[in-house]
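The values are calculated or read from the model by the stated rules, or taken from the named source; none is laboratory data. Note that the structure is a prediction, hence the values are computed from the model and not measured. Cβ: placed from backbone, ideal geometry, glycine included. Neighbour counts: every protein chain shown.
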């Protein structure tokens with residue numbers, strides 16, 4: 001152990017010394033010293049030009065006696081000249097490397113910057129979704145002031161449409177973010193959906209009755225075993241909170257099928273950890289997650305000992321067949337409840353091509369830009385739930 005520590009210390013010292021030497025070589029002051037060597041070499045040539053001209057290697061002779069005694073002035077000139085050449089070569093080499101590195105850093109910075117039209121689109125989309133939420137606030141206030149209750153057919157459709165408008169803003173902004181340098185192919189299709197979290201012990205009866213009929217990746221085969229194994233589910237019950245760039249208007253994505261994903265919040269409490277990459281991981285960690293290629297999800301799940309063979313096969317078959325989502329970014333939705341921040345669901349934005357948002361750095365920056373949109377979406381969801389409670393729908397808790 002002591003030998004390893006000493007070796008690591010020596011390696012660290014060597015690397016530190018190397019960095020110091022490189023910094024010294026590309027330092028302008030050192031460049032002046034190198035230039036001074038060239039001037040000094042020229043000074044020697046001007047004084048001892050005859051001796052230098054008549055000595056090796058300028059003067060060549062087969063007879064060694066022709067060279068006479070060693071010329072110190074000539075030797076001094078050639079030593080200074082060679083040192084000058086070596087230092088100049090090393091200095092230029094490291095300056096070129098530094099320039100390449102700076103160019104790469106600049107390119108990386110430029111690639112993470114949003115397109116020039118993004119700011120305008122961002123402003124317009126934010127104004128649009130805020131107007132929609134204000135309209136919902138006005139609609140809610142009429143329920144509190146009038147005896148007439150909202151109708152499921154008319155008013156609730158407005159709430160659902162307003163939430164889809166926000167989801168449509170998400171996909172529009174992602175599409176623009178992916179525009180530079182043709183990051184995505186022209187036939188790329190973007191989609192977004194909203195998954196809501198339900199505590200496994202507080203499931204509405206209608207959802208519980210259909211839980212195992214929809215697409216799921218549960219290891220357990222019945223509701224009793226499931227309740228003892230996980231903490232909750234992320235649910236996409238139908239297409240009402242979905243949208244796609246296939247339609248110009250924020251219409252529901254009719255290709256969507258109901259799906260629920262298991263959530264384990266505390267695996268140390270006798271629970272089976274079944275959090276898939278993507279939305280479940282984003283929900284549990286409270287951070288955005290970017291997936292470059294969804295075909296890698298089964299490989300990640302194979303390293304999770306809590307998934308059995310049948311479930312792994314189901315996961316693999318699902319993601320191999322789902323060509324609509326080849327890359328995903330999942331964004332957690334947080335609200336403040338009694339002063340505490342709580343994640344209530346996840347927005348998934350996905351594309352039928354790999355590498356949505358190019359890389360993890362761009363994806364992280366994009367997620368930061370969307371935080372205000374997440375807040376507006378949480379407000380719209382709160383109003384939606386409030387409207388359902390006015391109606392008295394038993395499926396919304």
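What to note about this one:
- Residue 309 being surrounded by fewer than 15 Cβ atoms within 10 Å (Cβ to Cβ) and within 24 Å of residue 122 (Cα to Cα): no
- Residue check, residue 356 buried (at least 19 other Cβ atoms within 10 Å of the Cβ), outside any helix (DSSP H, G or I), touching a helix residue (DSSP H, G or I) at 6+ places or on another chain (Cβ under 9 Å) and at pLDDT 85 or above: yes
- Selection status of residue 137, over 24 Å from residue 327 (Cβ atoms), in a helix (DSSP H, G or I), at pLDDT 90 or above and over 30 Å from the mean Cα position of the chain (by Cα): no
- Of the residues in the stretch 172-186, none is at pLDDT 90 or above and under 28 Å from residue 309 (Cβ atoms).
- Annotation: of all residues in the stretch 40-68 being loosely packed, with under 10 Cβ neighbours inside 10 Å and under 24 Å from residue 88 (Cα atoms), the one that is modelled with the lowest pLDDT is 57.
- Per-region count, the stretch 69-118, residues closer than 30 Å to residue 364 by Cβ, surrounded by 11 or more Cβ atoms within 10 Å (Cβ to Cβ) and at pLDDT below 85: 9
- Close pairs from the stretch 198-212: first on the phi < 0 side of the Ramachandran plot, partner in a helix (DSSP H, G or I), Cβ under 7 Å, at least 6 apart: 198/207; 200/226; 200/227; 201/227; 208/223; 211/223
So that you can scan it fast, the table gives a plain yes or no per residue for (1) touching a helix residue (DSSP H, G or I) at 6+ places or on another chain (Cβ under 7 Å); (2) in a strand (DSSP E or B); (3) free of Cβ contacts under 8 Å to residues at least 40 places away in the same chain; (4) exposed (fewer than 14 other Cβ atoms within 10 Å of the Cβ):
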{"position": "325", "(1), (2), (3), (4)": "yes, no, no, no"}
{"position": "336", "(1), (2), (3), (4)": "no, yes, yes, yes"}
{"position": "361", "(1), (2), (3), (4)": "yes, no, no, no"}
{"position": "364", "(1), (2), (3), (4)": "no, no, no, no"}
{"position": "373", "(1), (2), (3), (4)": "yes, no, no, no"}
{"position": "380", "(1), (2), (3), (4)": "yes, no, no, no"}
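- Filter result (modelled with pLDDT under 90 and either in contact with a strand residue (DSSP E or B) (Cβ under 8 Å, 6 or more places away or on another chain) or within 20 Å of residue 328 (Cα to Cα) (or both)) within the stretch 273-298: 274
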